[in-house]
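K.L.:
Let me give you the structure first, and then I'll get to my questions.
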Amino acid sequence: MLISICKSKIHRATVTEANLNYEGSLTVDTDLINAANMIPYQKISVLNVNNGSRLDTYLIRGEKGSGTICLNGPAARLGSVGDKVVIIAYGMLDESEVPTNYEPTVVHVDENNKQTN
């Protein structure tokens, strides 16, 4: 049986922009995407720590080193600049392939969205 499992996450990033007029998705600094082993256009969940909202969208690359975390399109209504978010990417694995000691890649960031671990 295939299961959906947390592949990686960026923990408590700070929203830097909200752009209602963009087509949709979440823009994330390329450095963070790479550190978290995420893939552009991958389905992600965004959990807003400040207001409790959760949304599913896809990931797009932001400028490398910029610290950008931008809620685009309808997602811009679910958060504000300064909100803390958790960004989770999932993978599909056969249940029998998941090692007993499995742990996802977790990237912690500071208030400027620079990796701290």
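The values are calculated or read from the model by the stated rules, or taken from the named source; none is laboratory data. Predicted model, so just to flag it, every value in this text is computed and none were measured. All Cβ positions, even for glycine, are placed from backbone atoms using ideal geometry, and neighbour counts span all protein chains on display.
K.L.:
Name the residues in the stretch 68-117 that are in a strand (DSSP E or B), charged (D, E, K, R) and either touching an Asp or Glu at 6+ places or on another chain (Cβ under 7 Å) or over 19 Å from ASP56 (Cα atoms) (or both), would you?
P.N.:
Answer for the stretch 68-117, where residues must be in a strand (DSSP E or B), charged (D, E, K, R) and either touching an Asp or Glu at 6+ places or on another chain (Cβ under 7 Å) or over 19 Å from ASP56 (Cα atoms) (or both): just ASP94.
K.L.:
Check off (1) surrounded by 17 or more Cβ atoms within 10 Å (Cβ to Cβ); (2) part of a loop (DSSP other than H, G, I, E, B) for GLY65 and give me the number that stays unchecked.
P.N.:
Here GLY65 clears every test but (1).
K.L.:
Assigned to a helix (DSSP H, G or I) and either of a type outside the set (Ser, Thr, Tyr) or surrounded by fewer than 17 Cβ atoms within 10 Å (Cβ to Cβ) (or both): is that true of ASP56 in this structure?
P.N.:
Spelling it out, it is not the case that ASP56 is assigned to a helix (DSSP H, G or I) and either of a type outside the set (Ser, Thr, Tyr) or surrounded by fewer than 17 Cβ atoms within 10 Å (Cβ to Cβ) (or both).
K.L.:
Output the qualifying pairs, or none if there are none: Cβ atoms under 6 angstrom, residues six or more apart or on different chains, first residue in the stretch 66-79 and more than 17 Å from ASP29 (Cβ to Cβ) and free of Cβ contacts under 8 Å to residues at least 60 places away in the same chain, second residue surrounded by fewer than 18 Cβ atoms within 10 Å (Cβ to Cβ) and among the polar types (S, T, N, Q).
P.N.:
Taking only residues 6 or more apart or on different chains, the pairs are ALA76/ASN19; LEU78/SER53.
K.L.:
Additional query: Quick test for you: out of LYS64, LYS84, pick the one residue that is under 22 Å from LYS7 (Cβ atoms), of a type in the set (Lys, Arg), modelled with pLDDT of 95 or more and touching a strand residue (DSSP E or B) at 6+ places or on another chain (Cβ under 6 Å).
P.N.:
On the way: LYS64 fails: touching a strand residue (DSSP E or B) at 6+ places or on another chain (Cβ under 6 Å).
Of LYS64, LYS84, the one residue that is under 22 Å from LYS7 (Cβ atoms), of a type in the set (Lys, Arg), modelled with pLDDT of 95 or more and touching a strand residue (DSSP E or B) at 6+ places or on another chain (Cβ under 6 Å) is LYS84.
Conditions (1) in contact with a helix residue (DSSP H, G or I) (Cβ under 7 Å, 6 or more places away or on another chain); (2) closer than 13 Å to LEU78 by Cβ, marked per residue:
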position: ILE3; (1), (2): yes, no
position: THR16; (1), (2): no, no
position: GLU23; (1), (2): yes, no
position: MET38; (1), (2): no, no
position: SER45; (1), (2): no, yes
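K.L.:
Could you look through the stretch 11-33, keep only residues that are hydrophobic (A, V, I, L, M, F, W, C) and in a strand (DSSP E or B), and pick out the one that is surrounded by the most Cβ atoms within 10 Å (Cβ to Cβ)? Explain how you work it out, then say what you get.
P.N.:
Applying the first criterion (hydrophobic (A, V, I, L, M, F, W, C)) to the stretch 11-33 yields 13, 15, 18, 20, 26, 28, 32-33.
Filter once more, keeping what is in a strand (DSSP E or B): 13, 18, 26, 28.
Values: ALA13: 28, ALA18: 19, LEU26: 25, VAL28: 26.
Only one residue fits best here, namely ALA13.
K.L.:
If the Cβ limit is 7 Å and pairs must be 6+ apart or interchain, which residue in the stretch 1-20 that is closer than 17 Å to ALA89 by Cα pairs with which residue that is aromatic (Phe, Trp, Tyr)?
P.N.:
That search, which allows pairs on different chains as well, returns SER4/TYR90; ILE5/TYR90; CYS6/TYR90; LYS7/TYR90.
K.L.:
Which of the residues belonging to the stretch 34-50 are touching a Gly at 6+ places or on another chain (Cβ under 9 Å) and exposed (fewer than 13 other Cβ atoms within 10 Å of the Cβ)?
P.N.:
Listed by number, the list holds a single entry, ASN50.
K.L.:
Sticking with this one: For the structure I just gave you, tell me whether ALA75 is hydrophobic (A, V, I, L, M, F, W, C) and either modelled with pLDDT under 95 or more than 16 Å from MET38 (Cα to Cα) (or both).
P.N.:
Values: hydrophobic (A, V, I, L, M, F, W, C): yes; either modelled with pLDDT under 95 or more than 16 Å from MET38 (Cα to Cα) (or both): yes.
Judged against the criteria, ALA75 is a match.
K.L.:
Quick one: what pairs do we get from the stretch 87-113, first residue touching a residue at least 40 places away in the same chain (Cβ under 8 Å), second among the acidic types (Asp, Glu), C-beta under 8 Å, 6+ apart or different chains?
P.N.:
What qualifies is ASN113/ASP29.
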